[in-house]
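Notes follow the structure.
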Amino acid sequence: MKSVSIIGPGNWGSSLALALMAAGVPLHEVIARGARRRPGLPIISLGHAQLQADVLWLCVPDAAIAQVTRRLVHRAAARGLSLKGKIVVHSSGALSSEVLEPAAHAGASVASVHPLMSFPTRTPVPLQGVPFGVEADAASRRVLNAIIRRIGGRPFPVKAGSKALYHALGVLASPLLVSHLVAAQQAAGLAGFNPRQTRRLLEPIARATLDNVFRRGAGKSFSGPLARGDAETIRLHLRALEPHPMLAGVYRSLALHALDALPTRGKRALRRVLLTTA
């Protein structure tokens, strides 16, 4: 089993570090700016990092990857350490491994490994069963897939040219799903329900819908006025939402997408209402 060092113990990096240690994967060091201590993690600053691990895994924001890579290469050079034979990895879902070009020029193999999961806080997220998108050459992929499986993940290949669309699906499936549910909560507030009532109203139907989609498929989970072609009810909704343009826009966009992607009756009348009602 290859050894790992993590650069950036944020929400995702902390979960990865704990998963590696729990799975018995050698974790040399966790490199952090300022090297603030965190219980259970071998935190060290980049200026004191040894960089001896086989895999140097960047868990930093997308905008910081290029700069951190340059600093990593500079630190290795200052120590007289060759990166040949090492794998430098970033965890961006949207960027390809090309952003790690300074490490490649220094002799490292470069790759990206992205966990298709939400890490909203520092609370550790279990990685058992989590899909991991891997963009790497064949040799690096074998090493990285072995590590991913060791911590309980499910690796799958992602092409460099597909990274942006691949990451968009993750955003649609999680953070924008949260945004959608917040829009529903806001509509509930406008209807006069307090936050406690809103949660009690929304949770059963939202959970049932998600369960139905993944058990039965989207087509057999779609119901309500759009499915039955009730254009007049849709008109009532849009008029009620008219004083709230952002919510109206969310409703209209999702409804128009439903006309194209889901089984609906009276598509022509529905589309006319959606496009003409103020």
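The values are calculated or read from the model by the stated rules, or taken from the named source; none is laboratory data. Here the structure is a predicted model, which means the values were calculated and not measured. With ideal geometry, Cβ positions are generated from the backbone for all residues, glycine too; neighbour counts draw on all protein chains shown. Ligands, DNA and RNA are excluded from the accessible area calculation, which covers all protein heavy atoms including side chains. Shrake-Rupley method; radii C 1.70, N 1.55, O 1.52, S 1.80 Å.
Considering the conditions (1) open to solvent by 30 Å² or more (accessible area, probe 1.4 Å); (2) modelled with pLDDT of 95 or more, ILE148 is excluded by exactly one of them, (1). Scanning the range 98-109 for residues that are crowded, with 19+ Cβ neighbours inside 10 Å and not in a helix (DSSP H, G or I) gives ALA106, ALA108, SER109.
Restricting to the range 137-160, name every residue that is part of a helix (DSSP H, G or I) and touching a residue at least 60 places away in the same chain (Cβ under 8 Å). Hits for the range 137-160 are VAL143, LEU144, ALA146, ILE147, ARG150, ALA160. Residues of the range 22-42 that are closer than 25 Å to PRO120 by Cα, surrounded by 17 or more Cβ atoms within 10 Å (Cβ to Cβ) and modelled with pLDDT of 90 or more: VAL25, LEU27, GLU29, VAL30, ILE31, ALA32. Given the structure, is SER223 within 21 Å of the chain's Cα centre (by Cα) and surrounded by fewer than 16 Cβ atoms within 10 Å (Cβ to Cβ)? It is false that SER223 is within 21 Å of the chain's Cα centre (by Cα) and surrounded by fewer than 16 Cβ atoms within 10 Å (Cβ to Cβ). You will find that of LEU190, LEU177, the residue that is farther than 19 Å from VAL55 by Cα, in contact (Cβ under 8 Å) with a residue 24 or more places away in the chain, open to solvent by 50 Å² or more (accessible area, probe 1.4 Å) and of a type in the set (A, V, I, L, M, F, W, C) is LEU190 and no other. Of the residues making up the range 255-278, those that are β-branched (Val, Ile, Thr) and open to solvent by less than 50 Å² (accessible area, probe 1.4 Å) are THR264, VAL273, THR277. Among the conditions (1) part of a loop (DSSP other than H, G, I, E, B); (2) free of Cβ contacts under 8 Å to residues at least 40 places away in the same chain, LEU95 misses just one, which is (2). Among the residues in the range 203-214, are any exposed (fewer than 14 other Cβ atoms within 10 Å of the Cβ) and touching a residue at least 24 places away in the same chain (Cβ under 8 Å)? Within the range 203-214, none of the residues are exposed (fewer than 14 other Cβ atoms within 10 Å of the Cβ) and touching a residue at least 24 places away in the same chain (Cβ under 8 Å). Which of the residues spanning the range 43-59 are open to solvent by less than 30 Å² (accessible area, probe 1.4 Å) and either among the basic types (Lys, Arg) or more than 18 Å from PRO9 (Cβ to Cβ) (or both)? Residues satisfying the conditions do not exist here. Checking the structure you have, find out if any residue of the range 60-81 is modelled with pLDDT of 95 or more, in contact with a Pro (Cβ under 6 Å, 6 or more places away or on another chain) and surrounded by 16 or more Cβ atoms within 10 Å (Cβ to Cβ). Yes, the range 60-81 has at least one match.
This table checks each residue for (1) without any contact (Cβ under 8 Å) to a residue 40 or more places away in the chain; (2) part of a helix (DSSP H, G or I); (3) within 24 Å of the chain's Cα centre (by Cα).
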position	(1), (2), (3)
LYS2	no, no, no
SER5	no, no, yes
LEU16	no, yes, yes
ALA66	yes, yes, yes
ARG71	yes, yes, no
GLY80	yes, no, no
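On the given criteria, is ILE205 under 20 Å from VAL4 (Cβ atoms), at pLDDT 95 or above and not polar (S, T, N, Q)? No. Look at the range 226-254: where a residue is open to solvent by 90 Å² or more (accessible area, probe 1.4 Å) and a partner is not in a helix (DSSP H, G or I), sitting 6+ places away or on another chain with Cβ atoms under 9 Å, you get ARG228/THR264; ARG228/ARG265; ARG228/GLY266; ARG239/THR277; ARG239/ALA278; GLU242/THR277; GLU242/ALA278. Checking VAL68, VAL89, VAL60, VAL55 one by one, the residue that is touching a Gly at 6+ places or on another chain (Cβ under 6 Å) and not small (Gly, Ala, Ser) is VAL60 and no other.
Of all the listed residues (SER112, SER118), the sole one being of a type in the set (S, T, N, Q) and in a loop (DSSP other than H, G, I, E, B) is SER118.
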